[in-house]
Amino acid sequence: MIAQSIRAARNVPGRSQRGFTLIEVMVSTIVLTVGLVALLGVFALAMASTQTAQEDMIAKQLGSEAWESIVTARQTTELTWDAVQNQSAPGGLGIFLDGLQPILNAGANGVVGTSDDSGARYLTLPGKDGIIGTADDIVLPLTNYQRQILISPAYDSSGNILPDLRTVTITVQYGVPRSSIKKNYIITGYISQYR
């Protein structure tokens, strides 16, 4: 008798069984899959950025080195104002080489990017022991990097050349590991004739 009343209660009209349909399950699976694929893409992008972080840092340092070299030479009066320009500038008094140049050691004048630079540059990193100057140091050649120093006239709002101010654009170009893509790190600023 109890079994009959349980069966009867199950078959009572108006009481439907609740649950997920096959279509609802498929839609939720598709939404979850799209979300996971997007998350995987973000993870891959983060891994790629992490792997190029060292090259980005080296490029930044090479650009800053060139900028500091120019400003220091101007501050210490090693360079005349006429020398703070590219060799192709009118008058031919500039000392900075035109176009992308390999990263070399600074020459006798102590200014990078000039014709007296020579000798390949290397970067020495500490090895597993964390100490520079030991046998496990890592030596990286900087042959993957090129630098261009472009010094051009600065103009006022009327388009007139400002004789005591120049625009300096330093571009460091380098390759990304496992890719044929070249990246550029660019520093732009102004240098004045006045110290």
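Quick note: the coordinates plus some simple rules give every number you see, no bench work behind them. Computed from a predicted structure; not experimentally measured. A quick note on method: Cβ atoms are made from the backbone with ideal geometry, for glycine too, and the neighbour counts reach across all protein chains shown.
The Kirkwood hydrodynamic radius of the range 57-96, based on inverse pair distances between different Cα atoms, is 10.9 Å.
How tilted is helix 22-51 with respect to the longest principal axis of the chain? Cα atoms for both, answer in degrees (0 to 90, nearest 10). Its long axis makes an angle of about 20 degrees. With the charge dipole of the chain set up from +1 on Lys and Arg Cβ and -1 on Asp and Glu Cβ about the Cα centre, the Cα lying farthest toward the positive end among the listed residues Leu123, Ser179, Asn105 is that of Ser179.
For Ala89, nonlocal amide neighbours, meaning residues 5 or more places apart or on other chains whose placed amide H falls under 5 Å from its own, are Gly94.
Exposure proxy ranking for Ser152, Ser180, based on other Cβ atoms within 10 angstrom of each Cβ and starting from the fewest, stands as Ser180, Ser152.
The range 159-195 and the range 78-96 have their alpha-carbon centroids 16 Å apart. Across the range 129-136, computed HN-Hα scalar couplings (Karplus, 6.51 cos²θ - 1.76 cosθ + 1.60, θ = phi - 60°) run 7, x, 10, 7, x, 10, 5, 8 Hz from first to last residue, x flagging Gly and Pro. With R₀ set to 30 Å, the beta-carbon distance separating Leu45 from Leu125 gives a calculated FRET efficiency near 0.70.
Residues whose amide H falls under 5 Å from that of Leu123, counting only those 5 or more places apart or on a different chain, are Leu140, Leu142, with hydrogens built in the peptide plane.
Dividing the mean sequence gap of close Cα pairs (under 8 Å, 6+ apart) by how many residues the range 54-192 holds gives a relative contact order of 21 percent. Shape analysis of the chain based on the Cα gyration tensor places the equivalent ellipsoid semi-axes at 66, 25, 13 Å, largest first. Of all aspartates and glutamates in the structure, those lying under 12 Å Cα to Cα from Lys182, and not within fewer than 8 positions of it along the same chain, are Glu55, Asp56. Helix 53-75 and the longest principal axis of the Cα set of the chain meet at an angle near 30°. Quick check: from the Cα gyration tensor, does the range 86-195 come out rounded (a/c under 1.5), prolate or oblate? Prolate.
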